[in-house]
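The values are calculated or read from the model by the stated rules, or taken from the named source; none is laboratory data. Nothing here was measured: the structure is a model prediction, and the numbers come from that model. Virtual Cβ from ideal backbone geometry, glycine too; neighbours counted across all protein chains shown. These accessible areas exclude ligands, DNA and RNA; they are computed on the full protein's heavy atoms, side chains included. Shrake-Rupley method; radii C 1.70, N 1.55, O 1.52, S 1.80 Å.
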Amino acid sequence: MKLVRYGPVGQEKPGLIDSAGTLRDLSGRLPDIDGAALAPERLAALQAVDPATLPAVSGSPRLGPPLTGIGKIVAVGLNYSDHAAEAGLPVPSEPILFMKATTAISGPHDPVIIPKDSVKTDWEVELTIVIGSVARHVAERDALRYVAGYMICNDVSERAYQIERQGQWVKGKSCDTFAPLGPWLVTTDEIPDPQSLSMWLDVNDERMQAGSTATMIFGVAQLVSYISQFMTLMPGDIIPTGTPPGVGLGFKPPRFLKPGDVMRLGIEGLGEQRQDCVAREV
């Protein structure tokens with residue numbers, strides 16, 4: 001299934017995209033798409049519903065983040081060896097983890113706000129894992145059982161805040177609108193192999209990133225297992241898994257986002273995003 005949330009900010013309704021690409025309303029079946037809705041038995045019940053029996057949604061409403069009530073964003077850094085190289089950093093021997101504030105979450109086509117005084121705002125297309133069951137000390141061979149689905153995250157990053165200011169990466173990763181999610185949450189039955197998905201990102205129609213999840217250093221199962229050794233993963237938690245090369249920091253000289261720029265990005269099977277970059281007004 002392709003699960004979505006649509007409507008104005010703060011008033012989103014649950015929906016799904018049927019096989020013909022039509023948006024169908026799910027609000028008669030569940031109150032919202034959150035961690036509770038991702039339980040295996042709840043997803044199985046939804047999969048048993050004939051989409052043709054659900055009301056079609058007219059027009060082209062705004063798409064919000066396809067999941068609400070996200071408890072935590074546990075992100076993975078430098079998970080592509082060629083991206084580590086362009087950043088001038090060694091390939092990690094185990095996953096590098098950082099947190100990203102949930103207040104950074106926005107819809108897949110909402111504007112990205114360039115922070116006040118920022119000159120180094122950057123882009124990162126990332127496959128994102130959505131946890132569906134409580135995971136603690138999960139063995140790698142069992143890890144995919146705890147995954148409800150996948151979606152796209154543009155892990156927008158302010159490099160000066162991230163690298164040049166003291167402390168952890170979280171400061172450069174957590175500004176408002178720095179985590180566009182969606183357009184939809186695709187359940188695992190539609191993505192049988194998350195390690196073979198092409199991915200790309202354009203800025204102003206110029207291809208910046210082109211890669212594949214096949215070149216991840218640590219795959220989806222490894223990451224779920226690894227992270228669950230350090231913290232409990234709850235239904236609705238998400239894990240952006242790193243980005244391929246082509247980020248602005250890696251260009252010589254570096255290239256960063258400015259108001260008026262337009263980002264487009266996508267991952268095979270997971271749809272596409274589009275964001276206009278705007279200046280912060282207050």
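Values of log10 I(q)/I(0) for the range 145-282 across q = 0.12, 0.21 Å⁻¹ run -0.54, -1.53, by the Debye formula with one identical scatterer at each alpha carbon and no solvent. Dividing the convex hull volume of the alpha-carbon atoms in the range 1-130 by its residue count gives 158 Å³ per residue. A P(r) calculated from all alpha carbon pairs of the range 81-122, with 10 Å bins opening at zero, reads 19, 34, 38, 9 percent. Anisotropy class assigned to the range 68-213 is rounded, per the alpha carbon gyration tensor with a/c under the 1.5 cut-off. For the pairs Lys72/Lys171; Lys72/Lys252; Lys2/Lys173; Lys13/Lys72; Lys2/Lys258; Lys13/Lys171, flag any whose C-alpha to C-alpha distance is greater than 25 Å. Too far apart for the 25 Å limit: Lys72/Lys252; Lys2/Lys173; Lys2/Lys258; Lys13/Lys171.
Going by the alpha-carbon gyration tensor, a ≥ b ≥ c the square roots of its eigenvalues, is the chain rounded (a/c under 1.5) or, if a/c is not under 1.5, prolate (a/b greater than b/c) versus oblate?
Judged from the Cα gyration tensor, the chain comes out oblate (a/c at least 1.5, b/c at or above a/b).
Within 10 Å, at most 14 other Cβ atoms, and a DSSP state outside H, G, I, E, B define an exposed site. Report the longest part of the chain free of exposed chymotrypsin sites (Phe, Trp or Tyr not before Pro). After excluding every exposed loop site, the longest remaining stretch is 1-229.
Could you let me know the centre-to-centre spacing of the range 1-64 and the range 239-282, using Cα atoms, in angstrom? Comparing the Cα centres of the range 1-64 and the range 239-282, I get a distance of 27 Å. Test of understanding: in a Gaussian network model of the chain with alpha carbons linked when under 10 Å, which of Gly269, Gly64, Gly149 would top the mean-square fluctuation ranking? Comparing Gly269, Gly64, Gly149 in the GNM, the peak value goes to Gly269.
Split the accessible area of the chain by element, probe 1.4 Å, and carbon with sulfur accounts for 53%.
In the elastic network of the chain, a GNM with C-alpha springs shorter than 10 Å, the most mobile of Asn79, Asn204, Asn154 is Asn204.
Quick one: dipole size for the chain, taken about the Cα centre, charges +1 on Lys/Arg Cβ and -1 on Asp/Glu Cβ, in debye to the nearest 20.
500
Highest mobility in the GNM of the chain, judged by mean-square fluctuation with C-alpha springs under 10 Å and restricted to Leu257, Leu127, Leu89, is found for Leu89.
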